[in-house]
Amino acid sequence: MTDPNPQPETLDRGPEDAVGAAGTPQHDPPLRLVDLIDLETLQAIQDGFAELAQMATSIRDDKGRLVTQPSRSSRFCDLLGGARHDNEACSISNYAAAAAAKTADAPVKYVCHAGLVQFAASIRAKDRLLGTIVLGDLPERPITRDEVARLARTHHVDEEELRLAARKLPTCSDVNMRAAISFLQLFANTLTRLCYQQVVLQERIDELTLLADTSRLLSSTLEPDLVLDNIVRTLAEVMNVKACSLRLLNETGDELVIKATYGLSKAYLKKGPVLVAENPHDQEALRGQIITIPDMRTDPHVRYPEEARREGLVSSLAVGLIARGKPLGTLHIYTDRPHAFPAEEVRLFRSIADQAAATVYNAQLVDQIAQTRQQQRELALAAGVQRRLLPARPPKAPGYDFFAVTVSSQEVGGDLHDWIELPRANIGIAVGDVAGKGVPGAILMASLRAALRAQAEHVYELDHIMDRVNQGLTAETEPSEFATLFYGVLDTRARRLTYSTAGHEPPVLLRGDEVRRLAVGGPLLGVDREATYDFEAVALQIGDTLVVFSDGAFDATNFAGERFGRERLLESIRRHAGHPAERMVHEIRWDIRRFAGLAPRADDMTLLVVKVLAT
């Protein structure tokens, strides 16, 4: 009969501490068998197995303690150990059987303190011992009278009653024992598979719960700076690492700029730029790869190994932040000791990084929308200001019909037309076109209008007016900023137009079938400070029609890429010359629109008409 003497440290040790990503011990609550399979189900499975095997069977935890009520327990064992076989000698035997099964891959044989043979097989889930199945409690030979007497004295039970119980114990033959062992192994494997499936399912549930909580934390705000801070803090806490950093690509896409950190010193953050071309790991991460660096201090592709050593960074995991196929930046976590990231941690890291990428993308999108709306509000205000700069209505003068329109291709534009009331029944007529569109063009247009009006109201020689406007623009603008301008003064009493052009498309003067282009003037405004401008005086007659336009009128393009052109414009002017000025302008615009169709306007457009009528 065997009298085991197990080592307490082997029998009493619980599950080993798990080690987190940062190498810090984590005392997770131990996983129990009843957490995976409920006690009622375990008892039913065990009872069925015991009936099939015709042997006593029990399921015990990783310490050897009973989890279920023993099945087919003999009277002999109940007398010695009680209903649950929990006296000291039985407990020690059970501990020893559990310890032996814990380190074995197959069922192990054990002889208990009472001389009964037991076979124990471990129940595991993902290399974690959950318990043991114990089968047997049968003698290999009949128990002698002396052995019964000693056991009765030791455990204080009635000797005769124990002897009667011992006689009823069948001996276990080798054939039955081998069959029972095979059955036990099959049973243990079945329970192990059930437990493993439950562990995997529970891990997936825990991971989904964690990701849901992480998603809630990451999306708790859409303010860009707070979003990034949330990401690095949440990731560091969830992954239990020393530090975390998030970098985003700059506008040119050649540098990763630090945007948020957790657990990193200011000295480390000042180590130097992170250029994509110099960092193979970051290049791979931006292509969607998970990058594992076992030791940053010795990895040949780490750009700043000495700085990592001083910061206490050892192992690292990196992934690109990619949303809708667009790389946004990189996310790194760092440990303070060597760590091999298992597949579960890598999968969790990837999942959180994907959520972080979507959160960053959405935050950037919200920020862009906010900026766009602000720009739209500013453009709307600018458009209102520009509309006020254009004349609200054409002038009125006996014997003349005036009308003009300026249409911007964007919210605001760079075309202008103006009527300037001058002394002695004179009217200034201006059409300008500045380089550029949108807000820059609108600003330059406002400057041109202000400069022209300032000169026109105090200077009467047209060449001097154009000279001074040119000098002012040249001094105040960049070389790429320039303008074209037609400016004329109409003497309504003398029916005389004095004009000058500055690089502008020559207006046309229609007199019957005759078409005359008014092309006297000089070069563009704002380019050459020393440029000079000529002028010409033209006598007007009743029935004359003056049409001034910007290049947007003939540069209109249809979807086939064909321009409206000067010839079509002149033809349209001829065709509608018999109409009043306002209708003539609208008909010309309709011809242009019909030609271009739904193609977007590429340029601003101005049309101005002056008709000389009979008084």
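The values are calculated or read from the model by the stated rules, or taken from the named source; none is laboratory data. Computed from a predicted structure; not experimentally measured. Note that we place each Cβ from the backbone using ideal geometry, even for glycine, and neighbour counts take in every protein chain shown.
Selection of the range 67-78 for residues being crowded, with 19+ Cβ neighbours inside 10 Å and either within 19 Å of ALA114 (Cβ to Cβ) or not assigned by TED's automatic domain parsing to the domain that holds THR132 (or both) yields PRO70, SER71, SER74, PHE76, CYS77.
When we screen GLY263, GLY253, GLY329, GLY325 for residues that are within 17 Å of VAL232 (Cβ to Cβ) and at pLDDT below 90, the only hit is GLY329. Being acidic (Asp, Glu), within 30 Å of ARG493 (Cβ to Cβ) and part of a loop (DSSP other than H, G, I, E, B) holds for only one residue in ASP528, ASP534, ASP603, ASP555, and it is ASP534. Pick from the range 564-576 the residues that are in contact with a strand residue (DSSP E or B) (Cβ under 9 Å, 6 or more places away or on another chain) and surrounded by 16 or more Cβ atoms within 10 Å (Cβ to Cβ): which of them is modelled with the lowest pLDDT? Checking each candidate, the answer is PHE564. Only residues that are surrounded by fewer than 16 Cβ atoms within 10 Å (Cβ to Cβ) and in contact with an Asp or Glu (Cβ under 8 Å, 6 or more places away or on another chain) were counted in the range 475-519, giving 1.
A single member of LEU135, LEU79 is within 15 Å of ASP61 (Cα to Cα) and more than 52 Å from the chain's Cα centre (by Cα), and it is LEU135.
From the list VAL489, VAL508, VAL469, VAL431, the lone residue that is under 55 Å from the mean Cα position of the chain (by Cα), at pLDDT 85 or above and within 16 Å of LEU546 (Cβ to Cβ) is VAL431. When HIS458 is tested against (1) in contact (Cβ under 8 Å) with a residue 24 or more places away in the chain; (2) outside any helix (DSSP H, G or I), only condition (1) is not met.
When each of ALA442, ALA430, ALA450 is tested for being part of a helix (DSSP H, G or I) and buried (at least 18 other Cβ atoms within 10 Å of the Cβ), the lone residue that passes is ALA442.
Filtering the range 97-112 to residues that are among the small types (Gly, Ala, Ser) and more than 55 Å from the chain's Cα centre (by Cα) leaves nothing.
For the range 340-353, filtered to residues that are in contact with a strand residue (DSSP E or B) (Cβ under 8 Å, 6 or more places away or on another chain) and crowded, with 16+ Cβ neighbours inside 10 Å, the residue that is nearest to GLY320 (Cα to Cα) is ALA353.
Kindly provide the set of residues from the range 269-296 that are over 25 Å from the mean Cα position of the chain (by Cα) and surrounded by fewer than 19 Cβ atoms within 10 Å (Cβ to Cβ), ordered by number. Within the range 269-296, LYS270, LYS271, GLY272, PRO294, ASP295 qualify. Kindly provide the set of residues from the range 49-66 that are at pLDDT 80 or above, surrounded by 21 or more Cβ atoms within 10 Å (Cβ to Cβ) and under 51 Å from the mean Cα position of the chain (by Cα), ordered by number. Those that are at pLDDT 80 or above, surrounded by 21 or more Cβ atoms within 10 Å (Cβ to Cβ) and under 51 Å from the mean Cα position of the chain (by Cα): ILE59, ARG60.
A quick yes/no check of all residues on (1) among the aliphatic types (A, V, I, L, M); (2) without any contact (Cβ under 8 Å) to a residue 12 or more places away in the chain:
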{"site": "LEU490", "(1), (2)": "yes, no"}
{"site": "THR498", "(1), (2)": "no, no"}
{"site": "ALA519", "(1), (2)": "yes, no"}
{"site": "GLY522", "(1), (2)": "no, no"}
{"site": "ILE542", "(1), (2)": "yes, no"}
{"site": "GLY565", "(1), (2)": "no, yes"}
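Do any strands (runs of 3 or more DSSP E) lying entirely in the range 467-522 carry at least 1 residues that are in contact with a Phe, Trp or Tyr (Cβ under 8 Å, 6 or more places away or on another chain), and which ones are they? Output list reads 483-491, 496-502. What is the number of the single condition among (1) buried (at least 23 other Cβ atoms within 10 Å of the Cβ); (2) under 28 Å from ASP528 (Cβ atoms); (3) small (Gly, Ala, Ser) that ALA456 does not meet? Going through the list (1) buried (at least 23 other Cβ atoms within 10 Å of the Cβ); (2) under 28 Å from ASP528 (Cβ atoms); (3) small (Gly, Ala, Ser), ALA456 breaks only (1).
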